Amino acid sequence: MPPRTCQFCQNARAIIRRPKTGDHVCKECFFNVFETEVHNTIQEAKLFKPGDRVAIGASGGKDSTVLAHVMKTLNERYDYGLNLFLLSIDEGITGYRDDSLETVKRNQQQYDLPLKILSYKELYGWTMDAIVEQVGRKNNCTFCGVFRRQALDRGAASLNVDHIVTGHNADDIAETVLMNIMRGDIARLGRCTLICTQGEDTIRRSKPLKYAYEKEIVMYAYFKKLDYFSTECIYSPDAYRGHARSFLKSLEVARPSVIIDIIRSGEAFEVAQEVVIKEQRKCSRCGYIASNELCKACTLLEGLERGIPKLGIRDGKRKKIEIEATEPDGPLRTIPMFKLPSVMENSQAARTETTAPS
Amino acid sequence: MANDFGLNVTMASGETINLKIQFGGGAELLFGNIRSHEVSIPAIAAATPSGSKQADRPSDITFLIQWMKDNMLKEREGLFVEGETVRPGILVLINDTDWELEGEGDYILQPKDEIVFISTLHGG
Ligand SMILES: [Zn+2]
Ligand SMILES: [Zn+2]
């Protein structure tokens, strides 16, 4: 087969067939179109404004490594005027996170960005290794998910940033759309395709790689020779997501546009009834956003500390295992008080001023 | 990094092709956690198990995948092969070009070709 020529520059030899469009593209044109598409995504969603302080959630994996590289490149090329930070969470998983954090530390050098690492151990007093030892391998992902979410917000607050960008790619989002459909989770179906989410009192989260195919992210990392870490978390055989993922990849072989098509479908769903969202308040113990008296992390932590780790875990058919919150006998480890980053307090004040009472 | 996989595997004809095989993105975990391999495979392919491709054709990528499954794969073969090709989600590059531009499984291997397999299925 004679080498194919790039359909963009009509000059260099093509090295990739783009899954989204089927175009045959050379290396330079591929870098260019990949970066430009992320830039366009950012511009269309008006994700940033000059002077914003933005943390890149960095795991050392392919997606966040490519995100860090592209954010740094675009910030310089288009003069976004952003202050970028790398923010990593150390869950305390021996042989997994300790290795990937080494990758993040190298990325810090390579990209010359300030890095903050916050560990479960320092925040909650528990590593994931210790949690798994106590709770076993069944609900450990619940702990990890709740703890990570809050740790990212707290890490962001300590960097005084009000915006976290994460490496979720098009395949991840399509997968989540499928999973929410299969679970009938309408409330999440609407939210999961949003490029940016922000509640009243939460730190903004965005997904600049929302429309970037996993194949292109991996190819980009390969041809740019980016340094990333790849292994599966030793504790998380998320079987359900795994099946959704295999299904999606098989569909993609037959019809590469399927990933974007599923995202577009998710975006187009209109939820007929207003979904009742529980009113948000502040956790009475740690000040983090909560929908009950205690936030999820405080509930889970109390369960760990008191040796009843089922506290706060949803158990399939039964609604929730409620255990009367008796006052603990000894001193209980708690999470330090959460304070919103000061940049947000200012912007909240500004918002209040500009919102006319109705 | 050299290793001892199949260095002396030859068919009756004795003709072999030397190739370089690289793994990335976690695919190496299925191959003894070694990223770079030099292999020597028969120049003439065997028939595919289903009979979809006949024997005595020049070795192509389809045959290479079958050969790797039989000679190199260390564990969890379902994470690498599916039917007669790689599992969806594993990217293949032939001399640094997307195999989708090179005829995928039908590409006929040439001496010193470098074939890269990158998993996209491992954590991001
Ligand atoms: Zn070109
Ligand atoms: Zn709390």
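In the set (1) among the small types (Gly, Ala, Ser); (2) open to solvent by 10 Å² or more (accessible area, probe 1.4 Å); (3) farther than 30 Å from residue A:104 by Cβ, the condition left unmet by residue B:59 is number (2).
Checking each residue in the stretch A:214-250 for being open to solvent by 60 Å² or more (accessible area, probe 1.4 Å), in a helix (DSSP H, G or I) and either modelled with pLDDT of 90 or more or facing chain B (nearest Cβ under 10 Å) (or both) picks out A:222, A:247. Go through the residues of the stretch A:47-56 one by one and say whether even a single one is within 14 Å of chain B (Cβ to nearest Cβ), open to solvent by less than 50 Å² (accessible area, probe 1.4 Å) and either of a type in the set (Lys, Arg) or away from ligand 2 (no atom under 16 Å from the Cβ) (or both). Within the stretch A:47-56, one or more residues are within 14 Å of chain B (Cβ to nearest Cβ), open to solvent by less than 50 Å² (accessible area, probe 1.4 Å) and either of a type in the set (Lys, Arg) or away from ligand 2 (no atom under 16 Å from the Cβ) (or both).
With respect to residue B:72, is the statement that it is at pLDDT below 90 and either farther than 28 Å from residue A:248 by Cα or away from every other protein chain (no Cβ under 14 Å) (or both) true?
Values: at pLDDT below 90: no; either farther than 28 Å from residue A:248 by Cα or away from every other protein chain (no Cβ under 14 Å) (or both): yes.
No: the conditions fail for residue B:72.
Inspect all residues belonging to the stretch A:70-82 and state whether any of them is more than 22 Å from residue A:224 (Cα to Cα), open to solvent by 10 Å² or more (accessible area, probe 1.4 Å) and touching a residue at least 40 places away in the same chain (Cβ under 8 Å). Taking every residue of the stretch A:70-82 in turn, none turns out to be more than 22 Å from residue A:224 (Cα to Cα), open to solvent by 10 Å² or more (accessible area, probe 1.4 Å) and touching a residue at least 40 places away in the same chain (Cβ under 8 Å). Within the stretch B:80-102, residues that are within 7 Å of another protein chain (Cβ to nearest Cβ) reach partners that are open to solvent by 20 Å² or more (accessible area, probe 1.4 Å) and basic (Lys, Arg) with beta carbons closer than 8 Å, at six or more positions or on different chains, in the pairs B:89/A:245; B:97/A:13; B:98/A:17; B:100/A:17; B:101/A:4; B:101/A:17.
Let me spell it out: the conditions are (1) assigned to a loop (DSSP other than H, G, I, E, B); (2) hydrophobic (A, V, I, L, M, F, W, C); (3) more than 14 Å from chain B (Cβ to nearest Cβ), and residue A:93 meets all of them except one. Which number is the exception? Only one criterion in (1) assigned to a loop (DSSP other than H, G, I, E, B); (2) hydrophobic (A, V, I, L, M, F, W, C); (3) more than 14 Å from chain B (Cβ to nearest Cβ) is unmet by residue A:93, namely (3). Here residue A:173 does not fit the description of being free of Cβ contacts under 8 Å to residues at least 24 places away in the same chain and part of a helix (DSSP H, G or I).
For every residue, the table says whether it meets (1) in a strand (DSSP E or B); (2) of a type in the set (D, E, K, R).
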site: A:37; (1), (2): no, yes
site: A:41; (1), (2): no, no
site: A:49; (1), (2): no, yes
site: A:55; (1), (2): yes, no
site: A:72; (1), (2): no, yes
site: A:98; (1), (2): no, yes
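The residue that is nearest to ligand 1 (Cβ to nearest atom), among those in the stretch A:1-35 that are in a helix (DSSP H, G or I), open to solvent by 30 Å² or more (accessible area, probe 1.4 Å) and among the charged types (D, E, K, R), is A:28.
The values are calculated or read from the model by the stated rules, or taken from the named source; none is laboratory data. These figures come from a predicted structure and were not determined experimentally. Backbone-built Cβ (ideal geometry, glycine too); neighbour counts: all protein chains shown. The protein model used for the area step is the full one, side chains on, heavy atoms only, and it has no ligands, DNA or RNA in it. Shrake-Rupley method; radii C 1.70, N 1.55, O 1.52, S 1.80 Å.
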